[in-house]
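*Asks:* What follows is a structure written as structure tokens; I'll ask about it next.
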Amino acid sequence: MIKIDLTKSQKMAVQTLGKNVLVSAGAGTGKTRVLVERILHLLRNQKATITELLVLTFTEKAANEIKTRLSKGFRDSGLERACQDLERAAISTFHSFASRLLKEHP
């Protein structure tokens, strides 16, 4: 369920299905929360599994925060499988993702 305290545009980013969403905003505006809520929304509605998603951010701190919040959200939502698969999920920085991609496909 979507939290009531999301703004209209945040709710739209969370609930939009069938296309990719880019969340871009200044520091402290709720980007991490929107991303986490969107991922939880997708999984709760069985539109994807955590290992089918690519979640990219700019800093390791943000990537780790997303993983921490997702772990709690999965437990709170009873998404046991997602909790087990979280370590295999593609949640990283743009730089780490690009580096891994280049190493795997030189």
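The values are calculated or read from the model by the stated rules, or taken from the named source; none is laboratory data. All values reported here derive from a predicted model rather than from experimental measurement. Backbone-built Cβ (ideal geometry, glycine too); neighbour counts: all protein chains shown. Just so you know, the surface numbers come from the protein's heavy atoms only, side chains and all, with ligands and any DNA or RNA stripped out. Shrake-Rupley method; radii C 1.70, N 1.55, O 1.52, S 1.80 Å.
*Asks:* Which numbered condition in (1) open to solvent by 40 Å² or more (accessible area, probe 1.4 Å); (2) polar (S, T, N, Q); (3) farther than 23 Å from residue 6 by Cα is the only one that residue 92 fails?
*Replies:* (1)
*Asks:* For the stretch 48-71, name all the residues that are surrounded by 12 or more Cβ atoms within 10 Å (Cβ to Cβ) and of a type in the set (Lys, Arg).
*Replies:* 67, 69
*Asks:* Can you name every residue in the stretch 72-89 that is open to solvent by 50 Å² or more (accessible area, probe 1.4 Å) and farther than 26 Å from residue 19 by Cβ?
*Replies:* Selection gives 72, 75, 76, 80, 84, 87.
*Asks:* Answer yes or no as to whether residue 82 is closer than 24 Å to residue 12 by Cα, among the small types (Gly, Ala, Ser) and in contact with a strand residue (DSSP E or B) (Cβ under 6 Å, 6 or more places away or on another chain).
*Replies:* no
*Asks:* Which ones in the stretch 19-39 are touching an Asp or Glu at 6+ places or on another chain (Cβ under 9 Å) and either farther than 20 Å from residue 73 by Cα or crowded, with 19+ Cβ neighbours inside 10 Å (or both)?
*Replies:* 36
*Asks:* Among (1) touching a strand residue (DSSP E or B) at 6+ places or on another chain (Cβ under 9 Å); (2) part of a helix (DSSP H, G or I), there is one condition residue 92 misses while meeting the rest; what is its number?
*Replies:* (2)
*Asks:* Still on this structure: Looking only at the stretch 24-72, count every residue that is without any contact (Cβ under 8 Å) to a residue 24 or more places away in the chain, of a type in the set (Val, Ile, Thr) and in a helix (DSSP H, G or I) and tell me the total.
*Replies:* The number of residues fulfilling the criteria is 1.
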